[in-house]
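The structure appears right after this line, and notes come after that.
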Amino acid sequence: MKLYKLPIILYEPSDDTNDMFMAEVPLLPGCRAWGETPSLALEYIQGVAEAFIESYIEHEQPIPPELEALRLETRGASVKAEIVIAP
């Protein structure tokens, strides 16, 4: 199984985000999702990012090198979540 560890930016509600939380994957131009809560925006962006990558594969387009560098190969147990720490 191939996994991609994607950086996501989460924006607070504002006029620019239609007063909703917006999640964006900067390595996939145009890959954005909105939600009424941070968790919904993050849930939706996961599906949108997956569709972006599947589209690259389906249309035989090369995966951007910056994205490919973040690919993880797994064997056995799968990663269910990850956390980011900023000390």
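The values are calculated or read from the model by the stated rules, or taken from the named source; none is laboratory data. Not measured: the values here are computed from a predicted model. Cβ atoms come from the backbone with ideal geometry, glycine included; neighbour counts cover every protein chain shown. The area values use the complete protein model at the heavy-atom level, side chains included, leaving out ligands, DNA and RNA. Shrake-Rupley method; radii C 1.70, N 1.55, O 1.52, S 1.80 Å.
Scoring residue 62 on the criteria (1) touching a helix residue (DSSP H, G or I) at 6+ places or on another chain (Cβ under 6 Å); (2) exposed (fewer than 11 other Cβ atoms within 10 Å of the Cβ) leaves a single failure, condition (1).
This table checks each residue for (1) within 9 Å of the chain's Cα centre (by Cα); (2) modelled with pLDDT under 80; (3) part of a helix (DSSP H, G or I).
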| residue | (1), (2), (3) |
| --- | --- |
| 29 | no, no, no |
| 40 | no, no, yes |
| 48 | yes, no, yes |
| 62 | no, no, no |
| 80 | no, yes, no |
| 83 | no, yes, no |
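For segment 34-50, does any single residue satisfy the condition of being in contact (Cβ under 8 Å) with a residue 40 or more places away in the chain and surrounded by 17 or more Cβ atoms within 10 Å (Cβ to Cβ)? So far as segment 34-50 goes, yes, one or more of its residues are in contact (Cβ under 8 Å) with a residue 40 or more places away in the chain and surrounded by 17 or more Cβ atoms within 10 Å (Cβ to Cβ). Considering only residues in segment 1-27 that are among the hydrophobic types (A, V, I, L, M, F, W, C), under 21 Å from residue 67 (Cα atoms) and assigned to a loop (DSSP other than H, G, I, E, B), the one that is most open to solvent (accessible area, probe 1.4 Å) turns out to be 1. The criterion of being of a type outside the set (Lys, Arg), modelled with pLDDT of 95 or more and either part of a strand (DSSP E or B) or under 17 Å from residue 5 (Cβ atoms) (or both) holds for residue 33.
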